[in-house]
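Please read the structure below before turning to the comments.
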Amino acid sequence: MLPGTTVMVDMCGNFNGYQTDLTRVWSIGTVPASALEMHDVAREILHTLEREALPGVPVARLYEIAMDIVRAHNLEDYFMGRSQHAPFIGHGVGIQLNELPVITPRSRHILQENMVLAIEPKFFVPGVGAVGLENTYRVTASGLECLTVAPEEIQDITQ
């Protein structure tokens with residue numbers, strides 16, 4: 001690994017037969033400001049969706065909100081891949097790791113209280129690697145409750 005690059009780890013957990021999905025990023029030394037900016041935008045997406053994802057909201061609206069934030073930062077070319085962009089930003093989680101609904105612009109699902117979702121906004125930074133996050137959430141009447149509590153900042157593993 002070269003100094004200034006990232007290592008993204010996407011991991012799952014299991015509690016009483018139910019899955020969780022979590023992604024965090026570590027760096028080899030200091031990463032460029034562009035990587036930190038993209039990581040912060042991923043955090044902005046998650047924290048915005050935590051407030052906006054309420055019962056009754058169309059799942060497709062979550063994708064739209066994420067893309068509005070990405071466009072506001074002019075980062076479309078780096079979001080969810082570089083040459084091939086993943087057409088989703090998350091998915092349902094339950095007994096299986098990947099369940100419905102899939103958070104896409106064409107989803108017809110509506111959020112319901114106690115649904116469990118993994119939301120994973122990620123960016124590819126040329127010459128650096130991937131940055132971004134994934135948390136597992138439960139939909140509540142007041143927004144998303146994070147079930148995978150862990151530091152969201154990029155952690156430098158050389159320190």
Legend entry - Only one of Arg108, Arg82 that is touching a helix residue (DSSP H, G or I) at 6+ places or on another chain (Cβ under 9 Å) and outside any strand (DSSP E or B): Arg108
Inset, instruction - Note down all Cβ pairs under 9 Å where the first residue falls in the range 61-90 and is aliphatic (A, V, I, L, M), the second is modelled with pLDDT under 95 and surrounded by fewer than 16 Cβ atoms within 10 Å (Cβ to Cβ), and they're at least six residues apart or on different chains. - result: Met80/Ala86; Met80/Pro87
Legend entry - Residue that is surrounded by the most Cβ atoms within 10 Å (Cβ to Cβ), among those in the range 53-79 that are among the hydrophobic types (A, V, I, L, M, F, W, C) and outside any helix (DSSP H, G or I): Phe79
Legend entry - Scan of the range 4-25 for residues that are touching a residue at least 12 places away in the same chain (Cβ under 8 Å), assigned to a loop (DSSP other than H, G, I, E, B) and either surrounded by fewer than 15 Cβ atoms within 10 Å (Cβ to Cβ) or among the acidic types (Asp, Glu) (or both), ordered by number: Gly17
Legend entry - Qualifying positions in the range 106-140 - surrounded by 22 or more Cβ atoms within 10 Å (Cβ to Cβ), under 24 Å from Gly56 (Cβ atoms) and among the aliphatic types (A, V, I, L, M): Met115, Leu117, Ala118, Ile119
Inset, instruction - Kindly indicate whether Ser83 is surrounded by 15 or more Cβ atoms within 10 Å (Cβ to Cβ), out of contact with any Asp or Glu (no Cβ under 9 Å at 6 or more places or on another chain), of a type in the set (S, T, N, Q) and farther than 20 Å from Ala118 by Cβ. - result: no
Legend entry - Those residues of the range 111-159 which are closer than 25 Å to Ile95 by Cβ, of a type in the set (A, V, I, L, M) and not in a strand (DSSP E or B), in sequence order: Leu111, Met115, Leu133, Ala141, Leu147, Val149, Ala150
Inset, instruction - Taking Glu50 as the residue in question, decide whether it is touching a strand residue (DSSP E or B) at 6+ places or on another chain (Cβ under 8 Å), free of Cβ contacts under 8 Å to residues at least 24 places away in the same chain and buried (at least 16 other Cβ atoms within 10 Å of the Cβ). - result: no
Legend entry - Residue check, Leu36 under 13 Å from the mean Cα position of the chain (by Cα), within 19 Å of Glu153 (Cβ to Cβ) and not acidic (Asp, Glu): no
Inset, instruction - Would you mind stating whether Glu44 is closer than 29 Å to Asn16 by Cβ, within 15 Å of the chain's Cα centre (by Cα) and not in a loop (DSSP other than H, G, I, E, B)? - result: no
Legend entry - Which numbered condition Ile103 misses (of (1) of a type in the set (A, V, I, L, M); (2) open to solvent by less than 20 Å² (accessible area, probe 1.4 Å); (3) at pLDDT below 95): (3)
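The values are calculated or read from the model by the stated rules, or taken from the named source; none is laboratory data. No experiment lies behind these values; they were computed from the predicted model shown. Don't worry about glycine lacking a Cβ; one is built from the backbone with ideal geometry, like all the others, and counts go over all protein chains shown. We work out accessible area using only protein heavy atoms, side chains counted, and drop any ligands, DNA or RNA first. Shrake-Rupley method; radii C 1.70, N 1.55, O 1.52, S 1.80 Å.
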